[in-house]
Amino acid sequence: MTMLKKASVLALIMVALIIPVVALSDNAAGEVGIDKDIRVVGGFDDRSSGSIVVTLYNDGSTEATVTLFVIGLYADDGRVFAGPLTWKIPAGGIKEDTIKFPCGSTGTHWAKVVVEGDNIDAVRGEMSFEFTVGRSIWSNTWTYVAIIVVIIIVAIAALIKMRSNPRIPENVGTFTAMEEERKAGKQRSKTEREEYKARKKE
């Protein structure tokens, strides 16, 4: 084989190897992943949902559509907290949004956001985070006991106030007026009698 043929074969082999590399680099330019750390907004308790903020980036030249899941990180808590959620990320841009979900059990939990779709960044395609779930005030028996005690105290105070200020019947004024009128009538009659006796003596 001549030197020219060897050089031609070598050039063909190199071209054959370069084409997949270029194709891979084009795909790599279109990778989607989680940008920044996942931010826990809070609000989690055993009766209410809490929120996290997730930001995705798209290095590609076209809009990317991906699916998100929020799942428990460990096998004993491997439930799906949220998802599937479909997000569209603009070409060469980012999308930030809030994901709200309930947990139900108190304590500290570890979960992860998983992004699925075409051209997902192998390293940034999922990210874990920690969140704490508190106990709601309405899950505490003492809350209801305190409410009942307050109601009883208010009722007793109202009863004592009512007893210390007895209600005056509406017709008391009428009876008083009648009594005064009766006394005035008696006085008038007495005066009239005296005047009559005085006239009679004359």
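The values are calculated or read from the model by the stated rules, or taken from the named source; none is laboratory data. Because the structure is a prediction, the values reported are computed rather than measured. Neighbour counts run over all protein chains shown; Cβ positions are idealised from the backbone, glycine included.
A few points about this structure:
- For first residues located in segment 83-110 and assigned by TED's automatic domain parsing to the domain that holds GLY60 and within 17 Å of THR67 (Cβ to Cβ), partners that are basic (Lys, Arg) and modelled with pLDDT of 95 or more and lie 6+ apart or on another chain with Cβ distances below 7 Å form the pairs TRP87/LYS95; ILE89/LYS95.
- So ARG199, is it part of a helix (DSSP H, G or I), loosely packed, with under 10 Cβ neighbours inside 10 Å and at pLDDT 75 or above: no
- Test for VAL41: is it closer than 30 Å to ARG135 by Cβ, among the β-branched types (Val, Ile, Thr), surrounded by fewer than 17 Cβ atoms within 10 Å (Cβ to Cβ) and at pLDDT below 95: yes
- Among (1) closer than 29 Å to SER105 by Cα; (2) modelled with pLDDT of 95 or more, the one test that GLY33 misses: (1)
- Tally, over segment 28-45, of residues that are within 12 Å of the chain's Cα centre (by Cα), not in a strand (DSSP E or B) and either not hydrophobic (A, V, I, L, M, F, W, C) or not assigned by TED's automatic domain parsing to the domain that holds GLU96 (or both): 1
Okay, residues lined up against (1) acidic (Asp, Glu); (2) free of Cβ contacts under 8 Å to residues at least 24 places away in the same chain; (3) under 13 Å from MET127 (Cα atoms); (4) not assigned by TED's automatic domain parsing to the domain that holds THR108:
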position	(1), (2), (3), (4)
SER48	no, no, no, no
ALA64	no, no, no, no
VAL70	no, no, yes, no
VAL80	no, yes, no, no
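- Condition met for PHE175 (in contact with a Ser or Thr (Cβ under 9 Å, 6 or more places away or on another chain) and either assigned to a helix (DSSP H, G or I) or at pLDDT 65 or above (or both)): no
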